[in-house]
Amino acid sequence: MMDELKHLGQPSEIPASPDAAQLERVPNPQSDTFYVTRFAVPEFTSICPVTGQPDFAHLVIDYVPGDWLVESKSLKLYLTSFRNHGAFHEDCTVAIGKRLRDLLAPPFIRIGGYWYPRGGIPIDVFWQEGTLPNGVWLPEQGVAPYRGRG
């Protein structure tokens with residue numbers, strides 16, 4: 001499996017779109033143990049499909065690996081490919097979660113998309129699938145809700 005990786009240890013270009021991005025996986029060396037892997041993405045960007053203006057989010061992706069781990073460089077390239085991709089907040093957040101689910105088939109996965117306000121309204125999007133195995137510690141995502149000038 002490691003020989004088939006196209007990004008790890010190689011020069012890689014940012015994919016033209018999320019559909020063109022190649023997410024890669026590697027075997028989980030601790031597949032006999034349930035644990036949580038977290039990716040925090042505090043500078044995620046995409047494009048509003050209506051106005052063409054940039055949208056910004058803090059994403060938090062948590063999953064319990066089964067047989068596979070997502071290869072992190074391919075994940076970074078995939079997430080970066082959204083920078084020129086027009087989609088609503090809900091579509092970006094849920095599509096990322098589903099793409100990882102389809103690649104990894106984890107027992108549990110969730111994504112929180114904490115979108116920064118544009119037009120005065122912050123939009124937070126949450127998606128999860130599967131059941132958290134008993135005894136697995138899943139911390140809060142740690143992103144404060146938007147409070148404005150409060």
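The values are calculated or read from the model by the stated rules, or taken from the named source; none is laboratory data. On a predicted model such as this, the values are computed, not experimentally measured, just so you know. Please note: Cβ atoms are built from the backbone with ideal geometry, for glycine as well, and neighbour counts cover all protein chains shown.
Some points to look at:
- So D102, is it under 15 Å from the mean Cα position of the chain (by Cα), loosely packed, with under 13 Cβ neighbours inside 10 Å, outside any strand (DSSP E or B) and modelled with pLDDT of 95 or more: yes
- Taking (1) more than 28 Å from P122 (Cα to Cα); (2) outside any strand (DSSP E or B); (3) in contact with a Ser or Thr (Cβ under 8 Å, 6 or more places away or on another chain) in turn, L77 satisfies each apart from (1).
- For region 2-29, a residue qualifies if it is at pLDDT below 95, surrounded by 10 or more Cβ atoms within 10 Å (Cβ to Cβ) and either among the β-branched types (V, I, T) or on the phi > 0 side of the Ramachandran plot (or both), and exactly one does: I14.
- Of all residues in region 30-51, those that are in a loop (DSSP other than H, G, I, E, B), touching an Asp or Glu at 6+ places or on another chain (Cβ under 6 Å) and crowded, with 16+ Cβ neighbours inside 10 Å total 1.
- Some residue of region 58-67 being outside any helix (DSSP H, G or I) and either touching a His at 6+ places or on another chain (Cβ under 6 Å) or among the polar types (S, T, N, Q) (or both): no
- Matching residues, region 66-120, being of a type in the set (S, T, N, Q) and in contact with a strand residue (DSSP E or B) (Cβ under 6 Å, 6 or more places away or on another chain): T93
- Selection count where residues are modelled with pLDDT under 95 and among the polar types (S, T, N, Q), scope region 30-58: 2
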